[in-house]
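Read through the structure below, which is laid out as structure tokens, and then see the notes.
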């Protein structure tokens, strides 16, 4: 089970690409290089209102209903996108370590959604039984099942999950026929990020504040997230970002450290979460140990436990908005 969990979470909140930002240091002499600029989101034209329209996907153009009514989503990002755009899926997958769907989403919006199996291993019979008219997923999750899925319903796949979440959202919006609504969501998020930056003292002050996000993972080493992760882009939109510890990370997504290396996660502020139980993920052992307690962030009362589903798994605009609010709450000077 531990091996399966480790394999599953390798993909969670990760993907190729980069984000925008400025140089930051981790409190020592090393200085983190600038994050690459986040690519601009490309929006499709709104659906014409006819019976169907075509959407560009990782598998080529796919013809989908202009206004799909029975949508099945096979990952957390797709669920966040659908709920954010006012679409209640008829079916959705779940993560490995928790029953039910994303806790941060409004409960009344999740009522009636059928569980169709685990992320990366959906029950295709359960999906087919719902008679969907659209399936949303990604190639990295379900590419090997594409032929089976498209035999059930038009299937819109993004290339991957995690980092390119803004463009993925635009693709989901095109498939759902909700481009105008999606543009408003994106604009509101950008304005929210600017307000948080201002509340934290402005861009220059935020840039001087180093922040790391740490994830304790059952069955794997602990992760410190970088520029090319979902949470890294949210931090970068505010103006903070990963410290120099992630500069050598593969593709800039994350650095993996052992319990004995946890001080590499130190920064002005450290947000941390766990995938799996606190004991099996080693969260309890590490945060209760001397190395953690002697970190600058811990000594200054600037380590904050946050929800894994929200900060790491959600990968969407509803999650990002809530993260922005928590960043302001925790980092604003009292």
Taking segment 134-148 only, how many residues are surrounded by fewer than 17 Cβ atoms within 10 Å (Cβ to Cβ), more than 21 Å from the chain's Cα centre (by Cα) and closer than 26 Å to residue 66 by Cβ?
2
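Let's see how each residue does on (1) more than 30 Å from residue 84 (Cβ to Cβ); (2) assigned by TED's automatic domain parsing to the domain that holds residue 137; (3) free of Cβ contacts under 8 Å to residues at least 40 places away in the same chain:
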residue	(1), (2), (3)
275	no, no, no
279	yes, no, yes
288	yes, no, yes
296	yes, no, no
299	yes, no, yes
309	no, no, no
314	no, no, no
318	no, no, no
Checklist (1) out of contact with any strand residue (DSSP E or B) (no Cβ under 6 Å at 6 or more places or on another chain); (2) more than 30 Å from residue 249 (Cβ to Cβ) applied to residue 130, failing item:
(1)
Given (1) touching a helix residue (DSSP H, G or I) at 6+ places or on another chain (Cβ under 6 Å); (2) more than 30 Å from residue 65 (Cα to Cα); (3) buried (at least 24 other Cβ atoms within 10 Å of the Cβ), identify the lone condition not met by residue 235.
(1)
Cβ pairs under 7 Å, 6+ apart or interchain, first in segment 195-209 and over 20 Å from residue 244 (Cβ atoms), second surrounded by fewer than 13 Cβ atoms within 10 Å (Cβ to Cβ), ordered by first then second residue, are 199/332; 200/332
Check on residue 203, modelled with pLDDT of 95 or more and out of contact with any strand residue (DSSP E or B) (no Cβ under 9 Å at 6 or more places or on another chain):
no
For segment 196-211, what are the residues that are out of contact with any helix residue (DSSP H, G or I) (no Cβ under 8 Å at 6 or more places or on another chain) and surrounded by fewer than 21 Cβ atoms within 10 Å (Cβ to Cβ)?
198, 201, 202, 204, 205, 207, 208
I'd like the full set of residues that are surrounded by fewer than 23 Cβ atoms within 10 Å (Cβ to Cβ) and in contact with a helix residue (DSSP H, G or I) (Cβ under 7 Å, 6 or more places away or on another chain), limited to segment 246-261.
257, 259
Could you look through segment 44-58, keep only residues that are touching a helix residue (DSSP H, G or I) at 6+ places or on another chain (Cβ under 6 Å) and modelled with pLDDT of 95 or more, and pick out the one that is surrounded by the most Cβ atoms within 10 Å (Cβ to Cβ)?
55
Restricted to segment 72-128, and to residues that are over 17 Å from the mean Cα position of the chain (by Cα), part of a helix (DSSP H, G or I) and in contact (Cβ under 8 Å) with a residue 12 or more places away in the chain, which residue is surrounded by the most Cβ atoms within 10 Å (Cβ to Cβ)?
127
So residue 175, is it assigned to a helix (DSSP H, G or I), crowded, with 21+ Cβ neighbours inside 10 Å and touching a helix residue (DSSP H, G or I) at 6+ places or on another chain (Cβ under 6 Å):
no
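The values are calculated or read from the model by the stated rules, or taken from the named source; none is laboratory data. All values reported here derive from a predicted model rather than from experimental measurement. Here Cβ is always computed from backbone atoms with ideal geometry, including for glycine, and neighbour counts include all displayed protein chains.
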